[in-house]
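So the structure is just underneath, and the comments pick up after that.
The values are calculated or read from the model by the stated rules, or taken from the named source; none is laboratory data. Everything numeric in this text was worked out from a predicted model, so none of it was measured. No Cβ is skipped: glycine too gets one built from the backbone with ideal geometry, and neighbour counts run over all protein chains shown. Heads up: the accessible areas ignore ligands, DNA and RNA and are worked out on the full protein's heavy atoms, side chains in. Shrake-Rupley method; radii C 1.70, N 1.55, O 1.52, S 1.80 Å.
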Amino acid sequence: RKLLANWIASGDNPLTARVMVNRIWQYHFGRGLVPTTSDFGVNGSGTSYTGLIDWLAYAFIESGWSVKTIHRLILTSHTYQQSMNHPQQGVFEEIDPDNRFLWVREPIRIQAEVLRDTVLATSGRLNRAMGGPPFFPSVDDELMQRAPTWWAPSDQQQRDRRTIYMLQIRSLQNPFIKVFDGPNIDESCPVREVTTVTPQVFALFNSYFLHDQSSSMAKRITDMAGNDLSQQVILGFQFALQRD
């Protein structure tokens, strides 16, 4: 095992670094420099950015395999910081309609986990405690029938932690995460689906979680603004949209 690990993480094996920087790139841009994230071989899609991915892989190895360094490198690049509007939009769309050459910033759907965390942050209830064992989410009665006998929802403070700490098992995936294109936990999931479907609307309108968080947000606003409706509106926009 040690021989295998040393070979995988060797500076003489650039494939590992290429795969890793490609996945980091995919996370920030929605698609990798090599679109087939798990296949760099003959059945994969290949890439138009051989020089770029090699340069990023080299920088990754030279940094001591620092993921944070690659994040910083990408996030401070002109490519990442582009606007979603381009003054020559029509001209460039005719030349490169799929934006293969990254001439404009494409919007990216936030992940289900980020959506849940954002709701908790907006309501003021996000528990930022890090580390430790996962928490057991509360699920409806129908799902509880499929839950193992040892499953018991954690207390409210634990359930308000970030979604990365939420326990999910193959037979009991959280419905809110699932409907917003959470990863397929039955098999390897290199790229998540991006869908726009009606159940997502119902999940936001009808779920107990959203109603509970909405009440908490309303209390947070009234505690801070009192009965001043104008100030309540301003706080609501600031909490939800980060603007007045």
Subset of the stretch 213-236 [free of Cβ contacts under 8 Å to residues at least 12 places away in the same chain, in a helix (DSSP H, G or I), open to solvent by less than 90 Å² (accessible area, probe 1.4 Å) and not hydroxyl-bearing (S, T, Y)] = A218, A225, Q231, Q232, V233, I234
Residues (part of a helix (DSSP H, G or I) and under 25 Å from the mean Cα position of the chain (by Cα)) located in the stretch 74-99 | I74, L75
Which numbered condition E187 fails, given (1) within 19 Å of the chain's Cα centre (by Cα); (2) surrounded by 10 or more Cβ atoms within 10 Å (Cβ to Cβ); (3) not hydroxyl-bearing (S, T, Y) = (2)
Spot the failing condition for I108; the list is (1) at pLDDT below 95; (2) under 29 Å from T222 (Cβ atoms), and only one is missed.
-> (2)
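Of these, F205, F239, F209, which one is aromatic (F, W, Y) and exposed (fewer than 15 other Cβ atoms within 10 Å of the Cβ)? Spell out how you get there, then give the answer.
Values: F239 fails: exposed (fewer than 15 other Cβ atoms within 10 Å of the Cβ); F209 fails: exposed (fewer than 15 other Cβ atoms within 10 Å of the Cβ).
Testing whether each residue is aromatic (F, W, Y) and exposed (fewer than 15 other Cβ atoms within 10 Å of the Cβ) leaves just F205.
Does L75 satisfy the criteria of being under 25 Å from E193 (Cα atoms) and either aliphatic (A, V, I, L, M) or free of Cβ contacts under 8 Å to residues at least 12 places away in the same chain (or both)? Talk me through it step by step, then tell me what you get.
Details: under 25 Å from E193 (Cα atoms): yes; either aliphatic (A, V, I, L, M) or free of Cβ contacts under 8 Å to residues at least 12 places away in the same chain (or both): yes.
Against the criterion (under 25 Å from E193 (Cα atoms) and either aliphatic (A, V, I, L, M) or free of Cβ contacts under 8 Å to residues at least 12 places away in the same chain (or both)), L75 qualifies.
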Report, by residue number, each residue of the stretch 103-128 that is within 30 Å of I177 (Cβ to Cβ), assigned to a loop (DSSP other than H, G, I, E, B) and open to solvent by less than 40 Å² (accessible area, probe 1.4 Å).
-> R105, L126
Mind checking whether some residue in the stretch 184-199 is touching a helix residue (DSSP H, G or I) at 6+ places or on another chain (Cβ under 9 Å), without any contact (Cβ under 8 Å) to a residue 40 or more places away in the chain and part of a helix (DSSP H, G or I)?
-> yes
Options R192, R146, R128, R170; residue that is closer than 30 Å to W25 by Cβ, at pLDDT below 85 and of a type outside the set (A, V, I, L, M) | R170
How many residues does the stretch 132-180 contain that are over 17 Å from Y208 (Cα atoms), among the charged types (D, E, K, R) and surrounded by fewer than 18 Cβ atoms within 10 Å (Cβ to Cβ)?
-> 2
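For the stretch 132-183, what are the residues that are of a type in the set (K, R), over 21 Å from S216 (Cβ atoms) and not in a helix (DSSP H, G or I)? Working first, answer last.
Residues of the stretch 132-183 that are of a type in the set (K, R), as a first pass: 146, 159, 161-162, 170, 178.
Imposing the further condition that a residue be over 21 Å from S216 (Cβ atoms) reduces the set to 146, 170, 178.
Once the filter is applied, which keeps residues that are of a type in the set (K, R), over 21 Å from S216 (Cβ atoms) and not in a helix (DSSP H, G or I), the stretch 132-183 yields R146, R170.
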